[in-house]
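The values are calculated or read from the model by the stated rules, or taken from the named source; none is laboratory data. No experiment lies behind these values; they were computed from the predicted model shown. Cβ placement follows ideal geometry from the backbone for every residue including glycine, while neighbour counts extend to all protein chains displayed.
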(Lines give C-alpha, C1' and ligand atoms only; values in the text may rest on other atoms or scores of the structure.)
Protein backbone atom coordinates (compact mmCIF):
# COMPACT_ATOMS: atom_id res chain seq x y z
CA UNK A 1 0.00 0.00 0.00
CA UNK A 2 1.34 3.45 -0.96
CA UNK A 3 0.42 6.29 1.34
CA UNK A 4 0.23 9.73 -0.27
CA UNK A 5 0.41 12.72 2.00
CA UNK A 6 -1.26 15.88 0.64
CA UNK A 7 0.48 19.14 1.72
CA UNK A 8 -1.71 21.52 -0.29
CA UNK A 9 -3.72 22.57 2.74
CA UNK A 10 -0.58 23.72 4.57
CA UNK A 11 0.28 26.54 2.18
CA UNK A 12 1.39 29.84 3.81
CA UNK A 13 1.55 28.14 7.20
CA UNK A 14 4.65 28.17 9.35
CA UNK A 15 5.47 24.89 10.95
CA UNK A 16 7.30 25.41 14.21
CA UNK A 17 10.67 23.80 14.34
CA UNK A 18 10.95 20.88 16.70
CA UNK A 19 13.97 19.16 18.02
CA UNK A 20 14.98 16.08 16.05
CA UNK A 21 12.01 16.62 13.74
CA UNK A 22 12.58 14.77 10.49
CA UNK A 23 10.24 14.83 7.49
CA UNK A 24 10.30 11.47 5.78
CA UNK A 25 8.00 9.15 3.81
CA UNK A 26 6.80 6.29 5.94
CA UNK A 27 7.82 2.91 4.59
CA UNK A 28 5.52 -0.06 5.18
CA UNK A 29 6.78 -3.12 6.91
CA UNK A 30 7.79 -5.99 4.65
CA UNK A 31 4.93 -8.14 5.99
CA UNK A 32 2.36 -5.55 4.78
CA UNK A 33 3.49 -5.84 1.17
CA UNK A 34 1.85 -8.28 -1.23
CA UNK A 35 4.19 -10.56 -3.08
CA UNK A 36 4.31 -10.28 -6.84
CA UNK A 37 2.50 -13.61 -7.09
CA UNK A 38 -0.28 -12.43 -4.75
CA UNK A 39 -0.71 -9.21 -6.72
CA UNK A 40 -0.95 -11.19 -9.95
CA UNK A 41 -3.55 -13.50 -8.43
CA UNK A 42 -5.71 -10.52 -7.48
CA UNK A 43 -5.27 -8.61 -10.73
CA UNK A 44 -5.50 -11.53 -13.15
CA UNK A 45 -8.84 -12.67 -14.55
CA UNK A 46 -10.44 -15.80 -13.16
CA UNK A 47 -9.72 -18.86 -15.30
CA UNK A 48 -12.36 -21.62 -15.06
CA UNK A 49 -9.91 -24.07 -16.65
CA UNK A 50 -7.57 -24.04 -13.66
CA UNK A 51 -9.49 -26.84 -11.91
CA UNK A 52 -8.30 -29.13 -14.72
CA UNK A 53 -5.20 -27.19 -15.70
CA UNK A 54 -3.47 -30.31 -17.05
CA UNK A 55 -6.30 -31.26 -19.37
CA UNK A 56 -5.12 -31.95 -22.91
CA UNK A 57 -7.35 -31.53 -25.92
CA UNK A 58 -7.64 -34.69 -28.05
CA UNK A 59 -5.11 -34.88 -30.91
CA UNK A 60 -6.31 -34.89 -34.50
CA UNK A 61 -4.42 -38.15 -35.06
CA UNK A 62 -7.29 -39.98 -33.34
CA UNK A 63 -9.49 -39.27 -36.35
CA UNK A 64 -9.13 -41.16 -39.62
CA UNK A 65 -8.70 -39.70 -43.08
CA UNK A 66 -11.45 -41.82 -44.72
CA UNK A 67 -10.04 -41.08 -48.15
CA UNK A 68 -12.42 -41.92 -50.96
CA UNK A 69 -11.28 -44.16 -53.79
CA UNK A 70 -13.43 -42.27 -56.28
CA UNK A 71 -11.95 -39.48 -58.37
CA UNK A 72 -13.47 -36.52 -60.14
CA UNK A 73 -14.87 -37.55 -63.53
CA UNK A 74 -14.94 -34.78 -66.15
CA UNK A 75 -16.73 -37.11 -68.55
CA UNK A 76 -19.67 -37.55 -66.16
CA UNK A 77 -20.07 -33.78 -65.78
CA UNK A 78 -19.87 -33.19 -69.56
CA UNK A 79 -22.49 -35.88 -70.28
CA UNK A 80 -24.84 -34.51 -67.63
CA UNK A 81 -24.56 -31.00 -69.11
CA UNK A 82 -25.45 -32.33 -72.56
CA UNK A 83 -28.42 -34.32 -71.21
CA UNK A 84 -29.77 -31.33 -69.27
CA UNK A 85 -29.56 -29.08 -72.35
CA UNK A 86 -31.22 -31.78 -74.50
CA UNK A 87 -34.03 -32.46 -72.01
CA UNK A 88 -34.84 -28.77 -71.68
CA UNK A 89 -34.64 -28.36 -75.47
CA UNK A 90 -37.12 -31.21 -75.99
CA UNK A 91 -39.60 -29.12 -74.00
CA UNK A 92 -38.68 -25.98 -75.97
CA UNK A 93 -36.78 -24.34 -73.12
CA UNK A 94 -33.58 -22.68 -74.28
CA UNK A 95 -30.78 -21.55 -71.99
CA UNK A 96 -27.97 -19.02 -72.33
CA UNK A 97 -25.39 -20.69 -70.14
CA UNK A 98 -24.69 -23.76 -67.99
CA UNK A 99 -21.91 -24.30 -65.44
CA UNK A 100 -21.09 -27.05 -62.93
CA UNK A 101 -19.82 -27.05 -59.33
CA UNK A 102 -18.73 -30.50 -58.16
CA UNK A 103 -19.36 -31.32 -54.50
CA UNK A 104 -18.64 -34.42 -52.41
CA UNK A 105 -22.07 -35.99 -53.00
CA UNK A 106 -23.83 -33.93 -55.65
CA UNK A 107 -22.89 -31.63 -58.51
CA UNK A 108 -24.71 -28.34 -58.88
CA UNK A 109 -25.50 -27.39 -62.48
CA UNK A 110 -26.42 -23.71 -62.75
CA UNK A 111 -28.32 -22.61 -65.82
CA UNK A 112 -29.29 -19.17 -67.06
CA UNK A 113 -32.54 -19.52 -69.04
CA UNK A 114 -33.40 -17.30 -71.98
CA UNK A 115 -35.55 -14.26 -71.27
CA UNK A 116 -39.23 -15.06 -70.98
CA UNK A 117 -38.85 -18.66 -69.75
CA UNK A 118 -41.10 -19.35 -66.77
CA UNK A 119 -39.30 -20.99 -63.86
CA UNK A 120 -42.32 -23.16 -63.08
CA UNK A 121 -41.81 -24.95 -66.43
CA UNK A 122 -38.25 -25.89 -65.49
CA UNK A 123 -39.35 -26.96 -62.00
CA UNK A 124 -42.00 -29.26 -63.49
CA UNK A 125 -39.34 -31.20 -65.41
CA UNK A 126 -37.64 -32.57 -62.28
CA UNK A 127 -38.64 -36.18 -62.95
CA UNK A 128 -37.86 -35.97 -66.69
CA UNK A 129 -34.34 -34.69 -66.04
CA UNK A 130 -33.77 -37.39 -63.39
CA UNK A 131 -34.89 -40.05 -65.88
CA UNK A 132 -32.62 -38.81 -68.69
CA UNK A 133 -29.64 -38.53 -66.32
CA UNK A 134 -30.31 -41.98 -64.80
CA UNK A 135 -29.99 -40.26 -61.42
CA UNK A 136 -31.34 -41.52 -58.10
CA UNK A 137 -33.09 -38.22 -57.56
CA UNK A 138 -32.43 -34.60 -58.40
CA UNK A 139 -33.45 -31.32 -56.77
CA UNK A 140 -34.22 -28.14 -58.69
CA UNK A 141 -33.74 -24.77 -56.98
CA UNK A 142 -35.60 -22.17 -59.01
CA UNK A 143 -34.16 -19.63 -58.56
CA UNK A 144 -30.98 -19.81 -56.48
CA UNK A 145 -31.34 -16.89 -54.03
CA UNK A 146 -29.15 -13.93 -54.95
CA UNK A 147 -27.61 -15.60 -58.00
CA UNK A 148 -30.13 -15.05 -60.80
CA UNK A 149 -29.73 -18.67 -61.92
CA UNK A 150 -31.61 -21.95 -61.69
CA UNK A 151 -29.85 -24.78 -59.86
CA UNK A 152 -30.11 -28.47 -60.68
CA UNK A 153 -28.50 -30.75 -58.07
CA UNK A 154 -27.51 -34.12 -59.51
CA UNK A 155 -26.07 -36.94 -57.33
CA UNK A 156 -22.56 -38.05 -58.23
CA UNK A 157 -22.20 -41.66 -59.33
CA UNK A 158 -19.21 -42.03 -56.99
CA UNK A 159 -19.81 -39.87 -53.90
CA UNK A 160 -16.90 -38.94 -51.64
CA UNK A 161 -16.68 -39.45 -47.89
CA UNK A 162 -16.22 -36.27 -45.85
CA UNK A 163 -13.95 -37.20 -42.96
CA UNK A 164 -14.37 -35.56 -39.57
CA UNK A 165 -10.63 -35.05 -39.53
CA UNK A 166 -10.72 -32.83 -42.63
CA UNK A 167 -13.21 -30.53 -40.90
CA UNK A 168 -11.44 -30.36 -37.53
CA UNK A 169 -8.15 -29.44 -39.25
CA UNK A 170 -9.78 -26.92 -41.59
CA UNK A 171 -8.87 -23.26 -41.21
CA UNK A 172 -12.55 -22.34 -40.92
CA UNK A 173 -12.96 -24.49 -37.79
CA UNK A 174 -9.57 -23.79 -36.23
CA UNK A 175 -10.00 -20.02 -36.51
CA UNK A 176 -13.70 -19.98 -35.68
CA UNK A 177 -14.73 -17.50 -32.99
CA UNK A 178 -18.15 -19.06 -32.48
CA UNK A 179 -19.17 -19.69 -28.87
CA UNK A 180 -20.02 -23.33 -29.67
CA UNK A 181 -18.70 -24.17 -33.13
CA UNK A 182 -20.18 -27.20 -34.89
CA UNK A 183 -18.39 -28.64 -37.93
CA UNK A 184 -21.26 -30.42 -39.66
CA UNK A 185 -19.90 -31.27 -43.11
CA UNK A 186 -19.13 -29.81 -46.53
CA UNK A 187 -21.32 -27.86 -48.91
CA UNK A 188 -21.71 -28.40 -52.65
CA UNK A 189 -18.74 -26.06 -53.17
CA UNK A 190 -16.64 -28.31 -50.87
CA UNK A 191 -16.40 -25.58 -48.22
CA UNK A 192 -16.53 -26.64 -44.54
CA UNK A 193 -19.98 -25.95 -43.10
CA UNK A 194 -19.38 -24.46 -39.64
CA UNK A 195 -22.27 -23.11 -37.54
CA UNK A 196 -22.72 -21.69 -34.04
CA UNK A 197 -25.06 -23.66 -31.77
CA UNK A 198 -25.69 -20.60 -29.57
CA UNK A 199 -27.14 -18.74 -32.56
CA UNK A 200 -29.51 -21.56 -33.54
CA UNK A 201 -30.30 -21.74 -30.50
CA UNK A 202 -31.92 -25.21 -30.55
CA UNK A 203 -31.64 -27.91 -33.21
CA UNK A 204 -34.08 -30.50 -34.58
CA UNK A 205 -32.55 -33.48 -36.43
CA UNK A 206 -34.91 -35.79 -38.33
CA UNK A 207 -34.82 -38.38 -41.07
CA UNK A 208 -35.61 -41.98 -41.90
CA UNK A 209 -33.83 -44.90 -40.26
CA UNK A 210 -30.27 -45.48 -41.45
CA UNK A 211 -29.85 -42.15 -43.26
CA UNK A 212 -27.21 -40.62 -40.95
CA UNK A 213 -28.92 -39.09 -37.90
CA UNK A 214 -26.85 -40.93 -35.29
CA UNK A 215 -23.62 -40.13 -37.13
CA UNK A 216 -24.76 -36.51 -37.26
CA UNK A 217 -25.22 -36.46 -33.46
CA UNK A 218 -21.72 -37.94 -33.04
CA UNK A 219 -20.31 -35.27 -35.35
CA UNK A 220 -21.92 -32.53 -33.23
CA UNK A 221 -20.53 -33.94 -29.97
CA UNK A 222 -17.07 -34.47 -31.49
CA UNK A 223 -16.96 -30.86 -32.72
CA UNK A 224 -17.56 -29.61 -29.19
CA UNK A 225 -15.04 -32.01 -27.60
CA UNK A 226 -12.31 -30.73 -29.94
CA UNK A 227 -13.09 -27.07 -29.22
CA UNK A 228 -14.17 -26.81 -25.58
CA UNK A 229 -12.54 -27.44 -22.20
CA UNK A 230 -14.55 -29.55 -19.68
CA UNK A 231 -15.11 -26.42 -17.57
CA UNK A 232 -16.84 -24.64 -20.46
CA UNK A 233 -19.55 -27.06 -21.54
CA UNK A 234 -21.54 -29.99 -20.14
CA UNK A 235 -23.74 -32.54 -21.91
CA UNK A 236 -27.02 -34.00 -20.68
CA UNK A 237 -27.43 -37.15 -22.78
CA UNK A 238 -30.80 -38.91 -23.11
CA UNK A 239 -30.94 -42.16 -25.08
CA UNK A 240 -34.16 -44.20 -24.73
CA UNK A 241 -32.83 -46.71 -27.30
CA UNK A 242 -29.75 -47.39 -25.09
CA UNK A 243 -27.60 -47.89 -28.18
CA UNK A 244 -25.80 -44.76 -29.42
CA UNK A 245 -24.91 -42.45 -26.53
CA UNK A 246 -23.54 -44.93 -23.92
CA UNK A 247 -20.23 -44.63 -25.83
CA UNK A 248 -19.75 -41.31 -24.03
CA UNK A 249 -20.00 -42.71 -20.49
CA UNK A 250 -16.18 -42.67 -20.31
CA UNK A 251 -16.14 -38.86 -20.24
CA UNK A 252 -18.67 -38.62 -17.40
CA UNK A 253 -16.27 -36.91 -14.97
CA UNK A 254 -15.22 -34.40 -17.62
CA UNK A 255 -18.13 -33.38 -19.81
CA UNK A 256 -21.38 -34.88 -18.50
CA UNK A 257 -24.08 -33.64 -16.11
CA UNK A 258 -26.57 -35.76 -14.18
CA UNK A 259 -28.98 -35.81 -11.25
CA UNK A 260 -27.37 -36.27 -7.83
CA UNK A 261 -27.29 -39.86 -6.63
CA UNK A 262 -27.53 -41.37 -10.12
CA UNK A 263 -24.93 -43.96 -11.04
CA UNK A 264 -25.19 -43.62 -14.82
CA UNK A 265 -24.95 -40.22 -16.49
CA UNK A 266 -26.52 -41.53 -19.74
CA UNK A 267 -30.27 -41.31 -19.08
CA UNK A 268 -32.40 -44.14 -20.50
CA UNK A 269 -35.33 -44.55 -18.06
CA UNK A 270 -38.42 -42.50 -18.92
CA UNK A 271 -39.14 -41.35 -15.35
CA UNK A 272 -35.53 -40.26 -14.92
CA UNK A 273 -35.85 -38.32 -18.18
CA UNK A 274 -38.86 -36.45 -16.77
CA UNK A 275 -36.99 -35.67 -13.54
CA UNK A 276 -33.91 -34.53 -15.49
CA UNK A 277 -35.91 -32.17 -17.71
CA UNK A 278 -37.62 -30.64 -14.66
CA UNK A 279 -34.21 -30.37 -13.00
CA UNK A 280 -32.93 -28.43 -16.00
CA UNK A 281 -35.90 -26.07 -15.58
CA UNK A 282 -34.77 -25.47 -11.99
CA UNK A 283 -31.22 -24.86 -13.22
CA UNK A 284 -32.62 -22.43 -15.78
CA UNK A 285 -34.57 -20.52 -13.11
CA UNK A 286 -31.48 -20.37 -10.88
CA UNK A 287 -29.38 -19.03 -13.74
CA UNK A 288 -31.99 -16.44 -14.67
CA UNK A 289 -31.85 -15.16 -11.08
CA UNK A 290 -28.05 -14.94 -11.27
CA UNK A 291 -28.21 -13.02 -14.56
CA UNK A 292 -30.78 -10.68 -13.08
CA UNK A 293 -28.58 -10.00 -10.05
CA UNK A 294 -25.56 -9.40 -12.29
CA UNK A 295 -27.55 -7.17 -14.66
CA UNK A 296 -26.49 -9.32 -17.61
CA UNK A 297 -28.59 -10.09 -20.67
CA UNK A 298 -27.07 -13.47 -21.46
CA UNK A 299 -24.60 -16.07 -20.25
CA UNK A 300 -21.75 -14.63 -22.29
CA UNK A 301 -22.01 -11.21 -20.63
CA UNK A 302 -22.42 -12.86 -17.21
CA UNK A 303 -19.34 -15.06 -17.56
CA UNK A 304 -17.26 -12.14 -18.85
CA UNK A 305 -18.15 -10.22 -15.70
CA UNK A 306 -17.34 -13.19 -13.48
CA UNK A 307 -14.02 -13.86 -15.23
CA UNK A 308 -13.01 -10.21 -14.79
CA UNK A 309 -13.91 -10.55 -11.06
CA UNK A 310 -16.78 -8.07 -11.15
CA UNK A 311 -19.16 -10.52 -9.44
CA UNK A 312 -18.90 -11.65 -5.83
CA UNK A 313 -18.84 -15.46 -5.35
CA UNK A 314 -20.08 -14.95 -1.78
CA UNK A 315 -23.34 -13.69 -3.28
CA UNK A 316 -23.85 -17.02 -5.05
CA UNK A 317 -22.20 -16.04 -8.33
CA UNK A 318 -20.16 -18.67 -10.16
CA UNK A 319 -18.88 -19.47 -13.62
CA UNK A 320 -21.68 -21.00 -15.70
CA UNK A 321 -20.78 -23.64 -18.30
CA UNK A 322 -22.94 -24.12 -21.38
CA UNK A 323 -25.29 -27.10 -21.11
CA UNK A 324 -26.16 -29.06 -24.27
CA UNK A 325 -29.16 -31.38 -23.91
CA UNK A 326 -29.21 -34.15 -26.53
CA UNK A 327 -32.21 -36.47 -26.94
CA UNK A 328 -31.44 -39.25 -29.39
CA UNK A 329 -34.99 -40.52 -30.03
CA UNK A 330 -37.58 -37.92 -29.18
CA UNK A 331 -40.50 -39.93 -30.60
CA UNK A 332 -40.07 -42.71 -28.02
CA UNK A 333 -40.34 -40.21 -25.18
CA UNK A 334 -43.45 -38.56 -26.64
CA UNK A 335 -45.14 -41.95 -26.97
CA UNK A 336 -44.32 -43.07 -23.41
CA UNK A 337 -44.50 -39.82 -21.43
CA UNK A 338 -45.94 -37.21 -23.77
CA UNK A 339 -47.46 -34.59 -21.49
CA UNK A 340 -44.88 -35.02 -18.75
CA UNK A 341 -42.02 -33.98 -21.03
CA UNK A 342 -43.82 -31.48 -23.26
CA UNK A 343 -44.07 -28.97 -20.41
CA UNK A 344 -40.39 -28.78 -19.41
CA UNK A 345 -39.23 -29.11 -23.04
CA UNK A 346 -41.45 -26.16 -23.91
CA UNK A 347 -40.12 -24.00 -21.06
CA UNK A 348 -36.52 -24.81 -21.93
CA UNK A 349 -37.04 -24.16 -25.64
CA UNK A 350 -38.61 -20.77 -24.95
CA UNK A 351 -36.43 -19.45 -22.13
CA UNK A 352 -33.14 -21.35 -21.93
CA UNK A 353 -31.27 -19.65 -24.78
CA UNK A 354 -30.10 -16.65 -22.77
CA UNK A 355 -28.70 -18.74 -19.91
CA UNK A 356 -26.70 -21.15 -22.08
CA UNK A 357 -28.88 -24.28 -22.23
CA UNK A 358 -29.31 -25.55 -25.78
CA UNK A 359 -31.49 -28.44 -26.96
CA UNK A 360 -30.76 -30.93 -29.73
CA UNK A 361 -33.52 -33.46 -30.38
CA UNK A 362 -33.42 -36.25 -32.93
CA UNK A 363 -36.23 -38.40 -34.30
CA UNK A 364 -36.72 -40.97 -37.03
CA UNK A 365 -40.49 -40.41 -37.09
CA UNK A 366 -41.13 -37.04 -38.73
CA UNK A 367 -44.88 -37.05 -38.16
CA UNK A 368 -47.01 -34.10 -37.08
CA UNK A 369 -47.81 -35.62 -33.68
CA UNK A 370 -44.05 -35.75 -32.93
CA UNK A 371 -42.81 -32.61 -34.70
CA UNK A 372 -45.66 -30.37 -33.62
CA UNK A 373 -46.17 -26.73 -34.50
CA UNK A 374 -44.85 -25.79 -31.06
CA UNK A 375 -41.61 -27.73 -31.63
CA UNK A 376 -41.13 -26.13 -35.06
CA UNK A 377 -41.75 -22.65 -33.66
CA UNK A 378 -39.07 -23.08 -31.00
CA UNK A 379 -36.58 -25.06 -33.11
CA UNK A 380 -35.98 -22.72 -36.06
CA UNK A 381 -32.84 -24.58 -37.12
CA UNK A 382 -33.55 -28.05 -38.50
CA UNK A 383 -31.54 -30.75 -40.21
CA UNK A 384 -33.35 -33.17 -42.51
CA UNK A 385 -31.72 -36.38 -43.65
CA UNK A 386 -33.38 -38.45 -46.35
CA UNK A 387 -37.08 -39.23 -45.90
CA UNK A 388 -39.35 -41.27 -48.13
CA UNK A 389 -42.17 -38.81 -48.82
CA UNK A 390 -42.62 -35.14 -49.56
CA UNK A 391 -45.11 -34.98 -46.66
CA UNK A 392 -42.36 -35.96 -44.20
CA UNK A 393 -40.06 -33.39 -45.80
CA UNK A 394 -42.67 -30.67 -45.32
CA UNK A 395 -43.19 -31.74 -41.71
CA UNK A 396 -39.50 -31.17 -40.98
CA UNK A 397 -38.55 -28.26 -43.24
CA UNK A 398 -41.88 -26.75 -44.32
CA UNK A 399 -40.64 -27.53 -47.84
CA UNK A 400 -40.01 -30.49 -50.11
CA UNK A 401 -36.49 -31.66 -50.94
CA UNK A 402 -35.55 -34.09 -48.17
CA UNK A 403 -37.39 -36.81 -50.11
CA UNK A 404 -34.93 -36.32 -52.99
CA UNK A 405 -31.73 -36.72 -50.99
CA UNK A 406 -29.48 -39.71 -51.70
CA UNK A 407 -28.91 -40.92 -48.13
CA UNK A 408 -25.60 -41.78 -46.43
CA UNK A 409 -25.30 -38.41 -44.70
CA UNK A 410 -26.76 -36.25 -47.47
CA UNK A 411 -28.78 -33.60 -45.62
CA UNK A 412 -30.56 -30.26 -45.85
CA UNK A 413 -29.92 -27.63 -43.17
CA UNK A 414 -32.62 -25.00 -42.72
CA UNK A 415 -32.37 -21.98 -40.45
CA UNK A 416 -35.34 -20.03 -41.74
CA UNK A 417 -33.85 -19.35 -45.17
CA UNK A 418 -33.48 -21.56 -48.25
CA UNK A 419 -32.22 -24.99 -47.07
CA UNK A 420 -28.50 -25.60 -47.66
CA UNK A 421 -27.43 -29.00 -48.97
CA UNK A 422 -24.56 -30.43 -46.95
CA UNK A 423 -22.75 -33.75 -46.93
CA UNK A 424 -22.50 -34.68 -43.25
CA UNK A 425 -19.06 -35.62 -41.98
CA UNK A 426 -18.38 -39.25 -41.14
CA UNK A 427 -16.94 -40.62 -37.91
CA UNK A 428 -17.06 -44.30 -37.04
CA UNK A 429 -17.46 -46.09 -33.70
CA UNK A 430 -13.77 -46.90 -33.30
CA UNK A 431 -12.87 -43.21 -33.59
CA UNK A 432 -15.42 -42.27 -30.92
CA UNK A 433 -14.13 -45.01 -28.62
CA UNK A 434 -10.55 -43.81 -29.00
CA UNK A 435 -11.61 -40.18 -28.52
CA UNK A 436 -13.56 -40.87 -25.31
CA UNK A 437 -10.78 -43.14 -24.04
CA UNK A 438 -8.22 -40.34 -24.49
CA UNK A 439 -10.37 -37.84 -22.59
CA UNK A 440 -11.55 -40.32 -19.95
CA UNK A 441 -8.01 -41.45 -19.11
CA UNK A 442 -7.09 -37.94 -17.97
CA UNK A 443 -7.67 -36.49 -14.53
CA UNK A 444 -11.27 -35.32 -14.26
CA UNK A 445 -13.60 -33.84 -11.70
CA UNK A 446 -14.60 -36.05 -8.74
CA UNK A 447 -17.96 -36.67 -10.41
CA UNK A 448 -20.18 -35.46 -13.22
CA UNK A 449 -21.69 -32.00 -12.80
CA UNK A 450 -24.70 -32.32 -10.49
CA UNK A 451 -27.97 -30.80 -11.65
CA UNK A 452 -30.43 -29.49 -9.03
CA UNK A 453 -32.40 -32.30 -7.39
CA UNK A 454 -36.03 -32.43 -8.50
CA UNK A 455 -38.85 -33.61 -6.24
CA UNK A 456 -42.30 -34.30 -7.66
CA UNK A 457 -44.34 -32.13 -5.31
CA UNK A 458 -47.57 -33.62 -6.62
CA UNK A 459 -46.74 -36.86 -4.82
CA UNK A 460 -46.17 -35.22 -1.44
CA UNK A 461 -48.42 -36.30 1.40
CA UNK A 462 -49.55 -32.85 2.45
CA UNK A 463 -52.52 -34.13 4.43
CA UNK A 464 -50.18 -35.97 6.78
CA UNK A 465 -47.90 -33.01 7.47
CA UNK A 466 -47.57 -32.15 11.14
CA UNK A 467 -46.96 -28.42 11.38
CA UNK A 468 -45.89 -28.85 14.99
CA UNK A 469 -42.78 -30.56 13.58
CA UNK A 470 -42.06 -27.97 10.94
CA UNK A 471 -38.52 -27.15 9.79
CA UNK A 472 -36.38 -24.86 11.95
CA UNK A 473 -36.07 -22.47 8.98
CA UNK A 474 -39.83 -22.49 8.28
CA UNK A 475 -40.45 -18.95 9.61
CA UNK A 476 -37.49 -17.49 7.74
CA UNK A 477 -38.55 -19.22 4.51
CA UNK A 478 -42.13 -17.96 4.93
CA UNK A 479 -40.97 -14.37 5.29
CA UNK A 480 -38.71 -14.80 2.26
CA UNK A 481 -41.53 -16.14 0.08
CA UNK A 482 -43.98 -13.40 1.11
CA UNK A 483 -41.35 -10.67 0.68
CA UNK A 484 -40.57 -11.81 -2.89
CA UNK A 485 -44.16 -12.93 -3.63
CA UNK A 486 -42.72 -16.05 -5.25
CA UNK A 487 -43.50 -19.57 -4.02
CA UNK A 488 -40.39 -21.15 -5.48
CA UNK A 489 -38.44 -24.07 -4.05
CA UNK A 490 -35.29 -22.88 -5.83
CA UNK A 491 -35.68 -19.41 -4.24
CA UNK A 492 -35.68 -20.94 -0.74
CA UNK A 493 -32.78 -23.22 -1.64
CA UNK A 494 -30.67 -20.37 -2.97
CA UNK A 495 -31.43 -17.68 -0.39
CA UNK A 496 -31.17 -19.95 2.65
CA UNK A 497 -28.25 -22.00 1.29
CA UNK A 498 -29.95 -25.35 1.90
CA UNK A 499 -30.38 -28.49 -0.18
CA UNK A 500 -33.20 -28.94 -2.65
CA UNK A 501 -34.80 -31.81 -0.69
CA UNK A 502 -35.06 -29.68 2.44
CA UNK A 503 -36.35 -26.69 0.49
CA UNK A 504 -38.99 -28.96 -1.06
CA UNK A 505 -40.17 -30.12 2.37
CA UNK A 506 -40.39 -26.50 3.56
CA UNK A 507 -42.49 -25.49 0.54
CA UNK A 508 -44.85 -28.40 1.32
CA UNK A 509 -45.16 -27.15 4.90
CA UNK A 510 -45.86 -23.63 3.62
CA UNK A 511 -48.67 -25.04 1.50
CA UNK A 512 -50.13 -26.94 4.45
CA UNK A 513 -50.05 -23.71 6.45
CA UNK A 514 -51.93 -21.87 3.71
CA UNK A 515 -49.07 -19.52 2.86
CA UNK A 516 -48.53 -20.77 -0.71
CA UNK A 517 -50.83 -22.46 -3.20
CA UNK A 518 -50.71 -26.00 -4.63
CA UNK A 519 -48.15 -27.46 -7.02
CA UNK A 520 -48.57 -26.25 -10.64
CA UNK A 521 -45.92 -28.13 -12.60
CA UNK A 522 -42.67 -26.25 -13.21
CA UNK A 523 -44.26 -22.85 -12.41
CA UNK A 524 -43.70 -21.11 -9.09
CA UNK A 525 -46.57 -21.55 -6.62
CA UNK A 526 -48.97 -18.70 -5.93
CA UNK A 527 -48.33 -16.82 -2.68
CA UNK A 528 -51.62 -16.69 -0.76
CA UNK A 529 -50.37 -14.33 1.93
CA UNK A 530 -50.33 -10.74 0.66
CA UNK A 531 -48.28 -8.92 3.32
CA UNK A 532 -45.97 -9.40 6.28
CA UNK A 533 -48.63 -8.45 8.87
CA UNK A 534 -50.93 -11.25 7.75
CA UNK A 535 -47.97 -13.64 7.70
CA UNK A 536 -46.97 -12.83 11.27
CA UNK A 537 -50.52 -13.61 12.39
CA UNK A 538 -50.33 -17.02 10.67
CA UNK A 539 -46.93 -17.78 12.22
CA UNK A 540 -48.21 -16.78 15.66
CA UNK A 541 -51.21 -19.10 15.31
CA UNK A 542 -48.90 -22.03 14.54
CA UNK A 543 -46.92 -21.69 17.77
Scan of segment 433-466 for residues that are surrounded by 15 or more Cβ atoms within 10 Å (Cβ to Cβ), at pLDDT below 80 and either in contact with a strand residue (DSSP E or B) (Cβ under 7 Å, 6 or more places away or on another chain) or part of a loop (DSSP other than H, G, I, E, B) (or both), ordered by number: 455, 460, 465
If I go through segment 400-423 residue by residue, how many of them are assigned to a loop (DSSP other than H, G, I, E, B) and without any contact (Cβ under 8 Å) to a residue 40 or more places away in the chain? 3
Does residue 136 satisfy being in a loop (DSSP other than H, G, I, E, B) and outside the structural domain of residue 193 (by the TED database)? yes
Just to be sure I understand, how many residues within segment 467-518 are free of Cβ contacts under 8 Å to residues at least 40 places away in the same chain, assigned to a loop (DSSP other than H, G, I, E, B) and under 21 Å from residue 283 (Cβ atoms)? 2
If you go through segment 318-341 one residue at a time, how many are without any contact (Cβ under 8 Å) to a residue 40 or more places away in the chain and out of contact with any helix residue (DSSP H, G or I) (no Cβ under 8 Å at 6 or more places or on another chain)? 4
Please tell me if residue 316 is under 26 Å from residue 524 (Cβ atoms), assigned by the TED database to the domain that holds residue 399 and at pLDDT below 90. yes
Tally time: how many residues in segment 155-177 are part of a strand (DSSP E or B) and touching a helix residue (DSSP H, G or I) at 6+ places or on another chain (Cβ under 6 Å)? 0
Here the residues within segment 61-80 that are surrounded by 13 or more Cβ atoms within 10 Å (Cβ to Cβ), within 22 Å of residue 435 (Cβ to Cβ) and modelled with pLDDT of 90 or more are 62, 63, 64
